[in-house]
Every structure is written in structure tokens, then in C-alpha cells.
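Colleague: I have a structure I would like to understand better, so I am pasting it below and will then ask my questions one at a time.
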Amino acid sequence: MKKLLAILLAAVMVFSLAACAGGTDAGGSAAASASAEASAPAADASDTGEPASGAGDGDYKIAVVPKLIGIPYFTQTGDGAKAAGDEIGVEVTYTGPSKADAAEQVKMIEDLIAQGVDAIAVAPNDPAAVVPALEKAKNAGIVCLDWDAPVDNEKLIDASIHQIEDKEFAEHSIDMLVEAMGDSGDYAILTGSLSAPNQNLWIDYAKTYAAEKYPNLNLVTDPIPTEEKQQEAYSKTLDLVKAYPDLKGIVGYATVCPLGAAQAIREKGLQDQIAVVGTAVKEDAQEFIEDGSLDIAFLWNTQDLGALTVKVAKYLLDGNELSNDMVIDGFPDISVDGNVVYLGPPEDYTKDTYK
Amino acid sequence: MKAFKTLKEKYANELTLACIFIAVFIILGILAPDKFLTAYNLGSMMSQMPELGLLSLGMMAAILTGGMNLSICYIASLSGIFAAYVLSSDFAATNVGIGIAAAIGAAMLIAVITGLINGGVIAYIGVAAMLVTLGTMTLFQGIATNITQGGAISGFPEEFMALGGGNVFGIPVPMLIYIGAIIAAYLLLERSAWGSRVYMTGCNETAARFSGVNTKATVLKVYIFSSVMAAIGGLIMISRYNSARVDYGSSYLMMSISAVVLGGTSIMGGHGSVIGTVIAVGIIQIVTTGLNVLGINRYLIDIIIGAILIGVLAIRFLSRRLSDRNLVKARAAKVGAQ
């Protein structure tokens with residue numbers, strides 16, 4: 001019997017520890033809920049938590065779910081989302097799976113429904129897998145948004161936050177490539193994964209645009225997948241350089257691709273022969289751009305993407321409809337097409353950016 | 001009273017786990033009665049649990065023989081993918097009933113093939129299970145990625161959704177399938193002649209072989225059993241996510257090993273019970289869902305599950321050592337008295 005008692009006590013301790021740890025890590029709201037938990041019933045711990053986080057009245061709870069947590073891109077979008085939540089007075093929960101696994105993500109959405117949030121904005125790991133879970137959310141009266149990548153069901157989604165107009169972005173990438181390598185010669189495309197819908201769309205637009213506008217550009221091989229890993233992009237680039245000695249340009253469509261490619265170019269000392277451009281987070285691109293191995297990086301402002309998602313969710317929760325002349329505080333450049341909201345033109349990062 | 005005592009001794013580990021489960025459940029119920037104890041949340045936990053549960057049962061059988069099945073998640077996704085191809089074909093769209101049956105048949109076929117590969121190389125060639133399944137993990141992942149090109153397969157008949165999303169008398173269908181699998185696993189592993197041979201092989205393979213047990217055939221069947229459990233899990237997954245893709249459920253590998261070990265199965269093989277694994281899966285489920293519902297940071301959830309695992313293992317080890325020491329003392333006292 002003693003043993004049982006000891007184990008029960010241990011379990012209780014683990015949990016009280018967890019509650020305290022949650023407080024220090026997740027800021028005010030969880031700390032307040034931890035103290036509320038200590039005072040026994042705590043019917044609605046999170047409600048008591050809101051004033052402590054300084055987020056105003058906190059009528060709405062908005063959950064923003066990234067593909068995964070713990071990589072720079074989604075850390076920055078999360079910072080933007082949380083800052084926007086503080087600014088407009090809503091409680092933002094930014095939580096996602098620790099691996100980019102659709103199964104894990106679906107479970108988290110189901111748990112968020114149980115938590116009773118007012119809106120869920122998800123960056124789906126798989127456009128189809130989250131649909132059944134979002135249907136449940138919809139039936140529970142929750143406003144559903146997607147961001148970063150679209151969900152495979154337009155009827156379900158109240159607003160879809162796109163970082164960029166895909167066609168415009170793809171054409172921009174080719175223009176940048178031409179600016180870096182000239183308008184003739186061999187080039188290759190690196191991509192994150194062959195199943196990522198947004199990257200595939202960009203590549204399709206980019207190929208068509210390049211063929212029409214710059215007929216002297218020659219794509220040497222099919223887009224090369226890199227498993228969204230810098231290491232993979234690096235080794236694939238080494239192979240490319242070996243296989244195509246006349247290669248003059250590389251364009252990368254996942255935030256890790258240009259970095260890996262630049263790493264390979266730097267190692268081989270090919271900065272002047274081969275131009276590398278592509279999507280990359282500003283801070284990560286800096287060292288490669290400064291030494292010339294990466295020529296031009298471009299990306300939407302990641303923090304703004306998170307912030308816009310939260311603000312549009314609040315806008316919808318207030319009972320407003322999406323329209324072309326809607327005004328979102330701090331985002332003068334957005335455009336609306338149906339239920340799609342575009343963040344605006346990308347930012348370019350060149351040597352001048354870091355001066 | 002005596003019956004209770006023997007029950008307590010025989011199932012000491014399962015009873016402790018059940019107490020932890022109940023304690024955690026009560027704590028979470030007190031912390032968030034309006035969120036954790038809702039019909040919606042209880043139902044959603046019941047439909048989430050079977051995926052990990054089935055993989056854990058498959059993993060447990062392999063660990064009972066002193067082996068390991070690292071390829072289990074990709075067996076699940078590979079059989080799910082083959083089933084998905086059948087389901088999304090034109091044939092299944094017009095002949096729904098036969099289509100679904102054929103899809104389940106395809107998944108089972110893949111399960112048997114993968115099981116034969118794993119079990120064959122482990123039992124008949126004698127390569128260590130960890131190495132073989134590490135290899136087949138990459139192999140199955142490669143095959144799955146190659147045939148799908150990394151993409152998702154979707155467009156299943158509406159009726160197939162019932163497998164992952166339906167309810168019978170208020171109980172989610174995946175849970176019913178899981179309960180069926182638990183009973184089957186219990187009967188096969190703990191109540192059948194083959195089951196006894198599995199435990200004997202796990203305890204001491206050489207001794208088992210010299211006692212006339214065909215250890216090779218036993219181990220081969222263990223890996224087929226393991227694959228079949230994984231394939232059932234894979235079918236539930238593709239139904240729940242309305243699509244199949246190579247990396248669905250890839251986060252379950254380490255979790256299923258944790259569940260098996262937490263459930264009291266010896267990693268050296270030979271000891272463990274189905275019910276222990278089942279309760280351990282339940283604990284992991286309510287802890288993750290409970291903490292998600294409370295809105296606690298995802299990394300902390302991993303930390304807490306890790307802490308519970310280490311805590312339970314440490315307590316189990318210490319209590320075993322304590323009981324050993326008491327036994328020695330009691331014997332010494334007996335000898336002294338004589």
C-alpha cells in the first residue's frame with residue numbers, strides 16, 4: 001500500500017511541477033493559471049490568466065498552429081502572432097507538433113477544439129489530412145483559417161492567409177535569378193519537397209515565366225527535392241555542380257535550400273561562376289550574402305505573416321466579412337481575392353540590407 | 001482476501017499503472033473540468049488512442065522476444081498507402097463495399113509480406129532485430145516515398161470515413177477496433193500455446209530451443225503479428241486523415257517503445273503483459289491531451305512524459321531491489337532460526 005501511495009504522490013508532484021514550469025515558460029497567463037490551479041477548483045483557469053498577460057479584456061482565444069515548432073521560420077511567425085495578440089487584446093495560443101507529422105498536428109487541433117478556442121488558424125503539414133479535424137472545429141462553431149499553406153477544402157476555410165501572390169512571387173524569383181546570373185545560361189531549381197503544394201505552384205509559374213520571358217535560360221534538370229534540410233540542399237548542390245559544369249544559376253524555393261546551396265558554393269569557391277538566389281529568412285541569409293556565396297534572398301516578412309493571421313481572425317470573430325477594401329491595422333498592402341488574403345510583396349535581402 | 005492478495009502480487013505492476021492512470025485522470029479532471037471532462041474530449045481521446053495503441057501492441061510482441069521493431073511506423077504507412085490506392089481507384093468508387101474490403105485485404109497483404117521480411121531475416125538468418133528493422137524502416141520508407149512521390153493519396157469513398165470517424169452506441173469505431181485487437185492480442189500472447197512459446201523464447205532462446213520450441217517459427221510469427229497490428233493502425237490513420245502519406249504517424253515510433261516499456265515489458269524480453277501496455281498507452285494519451293487542453297507548451301509535454309517514464313522505471317527498479325532484499329533477509333532469518 002505504501003508503494004502505491006508513494007507513486008500517487010510522485011504523480012501529483014510531477015503535475016504540480018509541470019504547472020509551475022508552464023508558468024515560467026509561457027509567460028503570465030500560464031503562471032496565473034498555475035496559481036489558480038493551486039486554489040482548488042479553478043473552473044476556468046485560462047480566463048483568470050488573461051488580465052495577467054496584459055492582453056486587455058481577452059474576449060477571444062485564437063489558436064495558431066504551425067507545421068512544427070522549433071525551427072527559426074515558425075519561431076518568427078509565432079513571435080509575430082503573439083505580439084499581434086497583445087496589441088489587439090486577444091489571447092493567442094501558438095502551439096504545434098514538435099515534428100512535422102500530420103498525425104500529431106491533427107491531434108493538436110482536436111485538443112484545441114476541446115480547449116474551447118474561438119478561432120483556429122492552421123499551417124497544414126498536409127492539405128488533406130487536417131480536413132476531418134477542421135470539420136469538427138467548424139461544427140463546434142470555431143472560425144477556421146489557414147496560413148502559410150492552404151488547406152484542401154475551400155468551403156471549410158473562412159479565410160486563407162497567403163504570404164504572397166504565388167504567381168507574382170514566382171516571377172519575382174526568376175527576375176532576381178536573371179539579375180544575379182544574366183539572362184542566358186543553365187540554371188537548376190532546388191525545392192523543399194515534391195509534395196509541398198505552394199512550392200510546386202511557384203515552380204510551375206516560374207518555369208512558364210522563364211520560358212516566355214527569358215528564352216535563353218535553360219533549366220538543366222527537374223526540380224530537386226531536399227527534404228526541407230539544409231544539409232541535403234548542400235550535398236545535392238555539390239552533385240549538381242559536378243554534373244553540370246556550365247551551371248550559372250541556382251534558385252531555391254524552401255527557406256533552407258539557398259543556404260545549403262550557398263554553403264556548397266562557398267566551399268567550392270564558385271561565388272563568381274554560379275549565382276544563388278531563393279527564399280531565406282533574413283537573419284539566416286546574412287553570413288552567406290555578405291561573403292557573396294548567396295546573391296539575393298527574398299521572403300515575406302515572417303513576423304508579419306503571423307501577425308496578419310491573428311488580426312484577420314479577430315476581424316472575422318468581430319463579425320466582419322472579408323472584402324477588398326477591408327482595413328487591417330498595420331497592413332496597408334494586403335489584397336483580398338475571395339477568401340484569400342495576401343500579405344503583400346516580398347522583401348529582398350542583398351548586401352545593402354545588412355549595411 | 002487471499003484471492004485479492006494473489007491478484008495483487010500477480011498484477012502488482014498493472015495495479016500501480018492503473019492507479020497512476022486514475023490519479024492523472026482525477027488531477028486533470030479537477031484542473032479543467034469544463035474542458036477535459038466533456039463528452040467531446042472523452043470521445044476525441046478515445047478516437048486518438050487506438051493508433052498509438054495498435055502500434056504499441058505490435059511493438060510489444062517484438063520486444064517480448066527480446067527484439068525490436070523499428071520499422072513499425074513505416075509498415076503502418078506503407079499498408080495504408082496500398083489501401084489508399086485501392087480506395088481511390090475508380091473501382092472502389094463504384095463498388096464501395098468490395099472496394100473497402102479489397103483495401104483492407106491489400107493492407108493485410110502488405111502486413112504479411114513486411115512481417116515475413118522482418119521475421120525471416122531475424123529468425124532464419126539470425127541478424128539482430130534492431131539492425132534488421134532499422135534497415136527495413138529505411139527500405140519501407142523508401143518504397144512508400146517512391147510510389148507516392150512524397151505526395152498524399154486522397155479521394156476515398158465517404159463510407160470509409162466511418163472506420164476512423166464513426167460512432168457505434170456513442171463509442172468511436174477506432175476504439176472498438178482497438179478493443180478487439182486488445183482481446184486478440186491477449187488471447188494470442190497470454191492464453192495460447194504460441195504465446196507461451198513467445199515468452200519462453202524471450203526469456204531464454206537457447207533453453208527454449210532445447211525444450212523443443214521451434215523458436216524460429218515463433219519469432220517469424222511475432223513479426224507478422226507486429227505488422228498486422230501496425231497495418232490495422234495504418235488503416236485507422238488513413239481513414240481519420242482522409243488521405244495517406246508516407247510520413248503519417250512517424251512520431252509514433254519512440255512513443256510506442258515508451259508505452260511498451262512504461263507498461264512493464266522488459267526490454268530484454270520474456271516479461272510483460274498486454275494490459276500493462278494498454279494502460280500505459282492510456283496514460284500517455286490522457287497526459288498529452290490533458291496538457292494540450294490546458295494549453296501547456298508542447299515541449300513541456302515531451303519533458304513531462306519523459307519524466308513520468310523515468311520516474312516509473314526508477315520506482316519499479318527500486319521496489320524490485322527492495323523486495324529482493326526483503327526476501328534475502330527473510331531467508332537469512334529462517335536459516336538463523338534453525
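Yes/no per residue for (1) within 10 Å of chain B (Cβ to nearest Cβ); (2) at pLDDT below 90; (3) closer than 14 Å to residue B:41 by Cα; (4) touching a helix residue (DSSP H, G or I) at 6+ places or on another chain (Cβ under 9 Å):
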| site | (1), (2), (3), (4) |
| --- | --- |
| A:100 | yes, yes, no, no |
| A:121 | no, no, no, yes |
| A:131 | yes, yes, no, yes |
| A:142 | no, no, no, yes |
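Colleague: Looking only at residues in region B:148-204 that are outside any helix (DSSP H, G or I) and small (Gly, Ala, Ser), which one is modelled with the lowest pLDDT?
Modeller: B:150
Colleague: Just give me the residues in region A:90-116 being open to solvent by 10 Å² or more (accessible area, probe 1.4 Å), over 24 Å from residue A:59 (Cα atoms) and without any contact (Cβ under 8 Å) to a residue 60 or more places away in the chain, in sequence order.
Modeller: Result: A:98, A:99, A:104, A:107.
Colleague: While we're here: How many residues does region A:84-136 contain that are over 19 Å from residue B:250 (Cβ atoms) and small (Gly, Ala, Ser)?
Modeller: 7
Colleague: So which of A:107, A:99 is assigned to a helix (DSSP H, G or I) and charged (D, E, K, R)?
Modeller: When all the criteria are applied, what remains is A:107.
Residue by residue, here is whether (1) small (Gly, Ala, Ser); (2) open to solvent by less than 20 Å² (accessible area, probe 1.4 Å); (3) touching a residue at least 40 places away in the same chain (Cβ under 8 Å) holds:
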position: A:293; (1), (2), (3): yes, yes, no
position: A:298; (1), (2), (3): no, yes, yes
position: A:319; (1), (2), (3): yes, no, no
position: A:322; (1), (2), (3): no, no, yes
position: A:339; (1), (2), (3): no, no, yes
position: A:351; (1), (2), (3): no, no, yes
position: A:354; (1), (2), (3): no, no, yes
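Colleague: Of all the residues that make up region B:188-219, how many are open to solvent by 70 Å² or more (accessible area, probe 1.4 Å) and closer than 15 Å to residue B:60 by Cβ?
Modeller: 1
Colleague: How many residues does region A:219-249 contain that are exposed (fewer than 14 other Cβ atoms within 10 Å of the Cβ), among the charged types (D, E, K, R) and under 28 Å from the mean Cα position of the chain (by Cα)?
Modeller: Of the residues in that region, 1 qualify.
Colleague: Look at residue A:295 and say whether it is under 21 Å from residue A:172 (Cβ atoms) and of a type in the set (Asp, Glu). It would help to see each step written out before you state the result.
Modeller: Details: under 21 Å from residue A:172 (Cβ atoms): yes; of a type in the set (Asp, Glu): yes.
When the stated conditions are applied, residue A:295 passes them.
Colleague: Take region B:128-151 and flag every residue that is open to solvent by less than 50 Å² (accessible area, probe 1.4 Å) and either within 20 Å of the chain's Cα centre (by Cα) or not polar (S, T, N, Q) (or both).
Modeller: Going through region B:128-151, the residues open to solvent by less than 50 Å² (accessible area, probe 1.4 Å) turn out to be B:129, B:132-133, B:135-137, B:140, B:142, B:144, B:148, B:150-151.
Result: B:129, B:132, B:133, B:135, B:136, B:137, B:140, B:142, B:144, B:150, B:151.
Colleague: Count, please, the residues in region A:235-293 that happen to be at pLDDT 90 or above and among the basic types (Lys, Arg).
Modeller: Matching residues across region A:235-293 total 4.
Colleague: Go through (1) farther than 25 Å from residue B:136 by Cβ; (2) within 14 Å of chain A (Cβ to nearest Cβ) and name the single condition residue B:331 misses.
Modeller: If we test residue B:331 against (1) farther than 25 Å from residue B:136 by Cβ; (2) within 14 Å of chain A (Cβ to nearest Cβ), just (2) comes out false.
Colleague: How many of the residues in region B:203-233 are farther than 14 Å from residue B:69 by Cβ and not aromatic (Phe, Trp, Tyr)?
Modeller: Selection size over region B:203-233: 16.
Colleague: Right, here's the next one. Got a sec? Which of A:173, A:160 is hydroxyl-bearing (Ser, Thr, Tyr), more than 14 Å from every other protein chain (Cβ to nearest Cβ), more than 20 Å from residue A:276 (Cβ to Cβ) and in contact (Cβ under 8 Å) with a residue 24 or more places away in the chain?
Modeller: A:160
Colleague: Now a separate question. Condition first: open to solvent by 50 Å² or more (accessible area, probe 1.4 Å) and either more than 8 Å from chain A (Cβ to nearest Cβ) or closer than 30 Å to residue A:118 by Cα (or both). Can you find one or more residues in region B:275-294 that meet it?
Modeller: Looking for residues that are open to solvent by 50 Å² or more (accessible area, probe 1.4 Å) and either more than 8 Å from chain A (Cβ to nearest Cβ) or closer than 30 Å to residue A:118 by Cα (or both), one finds at least one in region B:275-294, hence yes.
Colleague: Has region A:206-221 got at least one residue that is touching a helix residue (DSSP H, G or I) at 6+ places or on another chain (Cβ under 8 Å), farther than 17 Å from residue A:300 by Cα and either in contact (Cβ under 8 Å) with a residue 60 or more places away in the chain or within 14 Å of chain B (Cβ to nearest Cβ) (or both)?
Modeller: no
Colleague: Can you find even one residue in region A:75-89 that is more than 18 Å from residue A:312 (Cβ to Cβ), open to solvent by 10 Å² or more (accessible area, probe 1.4 Å), within 8 Å of chain B (Cβ to nearest Cβ) and not basic (Lys, Arg)?
Modeller: no
Colleague: Can you tell me which of B:14, B:9 is in contact (Cβ under 8 Å) with a residue 40 or more places away in the chain and more than 20 Å from residue B:246 (Cβ to Cβ)?
Modeller: Going through B:14, B:9 in turn, the sole match is B:14.
The values are calculated or read from the model by the stated rules, or taken from the named source; none is laboratory data. From a predicted model like this one, the values you see are computed outputs, not experimental measurements. Here Cβ is always computed from backbone atoms with ideal geometry, including for glycine, and neighbour counts include all displayed protein chains. Just so you know, the surface numbers come from the protein's heavy atoms only, side chains and all, with ligands and any DNA or RNA stripped out. Shrake-Rupley method; radii C 1.70, N 1.55, O 1.52, S 1.80 Å.
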